[in-house]
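The structure appears right after this line, and notes come after that.
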Amino acid sequence: MRGRVTLVGGGPGREDLLTLAALRALGEADVVLYDRLSPHARLHHLAPNAELVDVGKRPGHHAVPQSDIEALLVEHALAGRHVVRLKGGDPYVLGRGSEEVIACHAVGVPVEVIPGVTSAVAVPGAAGIPLTHRGVSHLFTVVSGHAPLTETELGHLAGLGGTVVVLMGVNSLPSLTAGLARHGMSAEMPVAIIERGFHSDQRTTIGELGDIVLTAGRARVASPAVVVVGEVVRLAFDGDANAAELMQRAAAFTAVAT
Ligand code: SAH
């Protein structure tokens, strides 16, 4: 039988956020190559017939280089296996899924892509932050914080007037916030950082553009985390005292300003 690859978006890490299509693919898999941020705690149960391979990456410690992952995918598929590549979130949102699809196409291996719940939207939601809200923000932009943004990009982002969502943004938070401020974003623009979304130790840290670097440093905020910059953060509700305090201050500010 001819092998094939299924790229599966595993969602933000909680098993019940896997899709039915993802569960079906896992159930049929001969091999699963899984990432650190994918829901992998009970893979032996979800993919009972599969060999499980951890290709997880930690920031700064690339467990298995991308080129090796692609070589593994192709190698297993050419040996006639059904390979599931289980990724965190959605494969096509800052997840290098398209590179893996291209690698399969290059050698004629059939590949299917199953979308997943992206952390860019779901993790803010888990902290009670909607990315859009009528009258507050009608657009959002998802940005990678992996490499520094150019001045042109920062200028456009600051000028858009919508919600900015940053993945892989903990280390680059100082350059991002300074860049947005330099391009005219208000120092009082609310910012939220949600660490380990959907896990039992999920935590939200809230501040403003002008002080979030200090606040995040004090709280020892660490990856994986989603950063949200925008007025929608004022709508946050997760029972978090800091969020409540921020909203009170925002309400007082609005009352004085109008
Ligand atoms: N394709 C993925 C994103 C891959 S980039 C998706 O669609 O979600 C990896 C980044 O995603 C992390 O650095 C972090 O910014 C974010 N992320 C993924 N899962 C997360 C989680 N459960 N909690 C917080 N951030 C998460």
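The values are calculated or read from the model by the stated rules, or taken from the named source; none is laboratory data. Because the structure is a prediction, the values reported are computed rather than measured. Ideal geometry is used to build each Cβ from the backbone, glycine not excepted, and the neighbour counts take in all protein chains shown.
Comparison of 26, 37 shows that the only residue that is under 15 Å from residue 114 (Cα atoms) and not assigned by TED's automatic domain parsing to the domain that holds residue 223 is 26. Being out of contact with any Phe, Trp or Tyr (no Cβ under 8 Å at 6 or more places or on another chain), surrounded by fewer than 20 Cβ atoms within 10 Å (Cβ to Cβ) and closer than 19 Å to residue 118 by Cβ holds for only one residue in 223, 172, and it is 223. Just one of the listed residues (152, 132) is in contact with a His (Cβ under 9 Å, 6 or more places away or on another chain) and either in the same structural domain as residue 97 (by TED's automatic domain parsing) or not acidic (Asp, Glu) (or both), namely 132. State all residues of the stretch 84-99 that are of a type in the set (Asp, Glu) and within 12 Å of the ligand (Cβ to nearest atom); if no residue qualifies, say none. Selection gives 90 alone.
Yes/no per residue for (1) over 21 Å from residue 204 (Cα atoms); (2) surrounded by 22 or more Cβ atoms within 10 Å (Cβ to Cβ); (3) in contact (Cβ under 8 Å) with a residue 12 or more places away in the chain:
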| position | (1), (2), (3) |
| --- | --- |
| 105 | yes, no, no |
| 108 | yes, no, no |
| 119 | no, yes, yes |
| 129 | no, yes, yes |
| 133 | no, no, yes |
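Among the residues of the stretch 147-161 satisfying the criterion of being part of a loop (DSSP other than H, G, I, E, B) and modelled with pLDDT of 95 or more, which is surrounded by the most Cβ atoms within 10 Å (Cβ to Cβ)? Residue satisfying both the conditions and the ranking: 149.
Checking each residue in the stretch 192-219 for being within 19 Å of the chain's Cα centre (by Cα) and more than 29 Å from residue 16 (Cβ to Cβ) picks out only 216. Among the residues of the stretch 190-204, just one is surrounded by fewer than 24 Cβ atoms within 10 Å (Cβ to Cβ) and either closer than 14 Å to residue 235 by Cα or among the aromatic types (Phe, Trp, Tyr) (or both), namely 198. The criterion of being modelled with pLDDT of 95 or more and surrounded by 14 or more Cβ atoms within 10 Å (Cβ to Cβ) does not hold for residue 20. Of all residues assigned to the stretch 164-171, at least one qualifies as being within 15 Å of the ligand (Cβ to nearest atom), of a type in the set (A, V, I, L, M) and not in a strand (DSSP E or B).
Counting only residues that are under 16 Å from residue 169 (Cβ atoms) and in contact (Cβ under 8 Å) with a residue 40 or more places away in the chain, the stretch 197-231 holds 15 of them. Taken together, the residues in the stretch 175-189 that are outside any loop (DSSP other than H, G, I, E, B) and surrounded by 20 or more Cβ atoms within 10 Å (Cβ to Cβ) amount to 4.
To keep it simple, each residue is scored yes or no on (1) under 20 Å from residue 127 (Cα atoms); (2) modelled with pLDDT of 95 or more; (3) assigned by TED's automatic domain parsing to the domain that holds residue 133; (4) within 16 Å of the ligand (Cβ to nearest atom).
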| site | (1), (2), (3), (4) |
| --- | --- |
| 197 | yes, yes, yes, yes |
| 210 | no, yes, yes, no |
| 219 | yes, yes, yes, yes |
| 226 | yes, yes, yes, yes |
| 230 | yes, yes, yes, no |
| 234 | yes, no, yes, no |
| 238 | yes, no, yes, yes |
| 244 | yes, no, yes, no |
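Answer yes or no as to whether residue 139 is away from the ligand (no atom under 16 Å from the Cβ) and under 18 Å from the mean Cα position of the chain (by Cα). In short, yes.
Among the residues examined, residue 71 does not qualify as aliphatic (A, V, I, L, M), surrounded by 15 or more Cβ atoms within 10 Å (Cβ to Cβ) and either outside the structural domain of residue 144 (by TED's automatic domain parsing) or within 16 Å of the ligand (Cβ to nearest atom) (or both).
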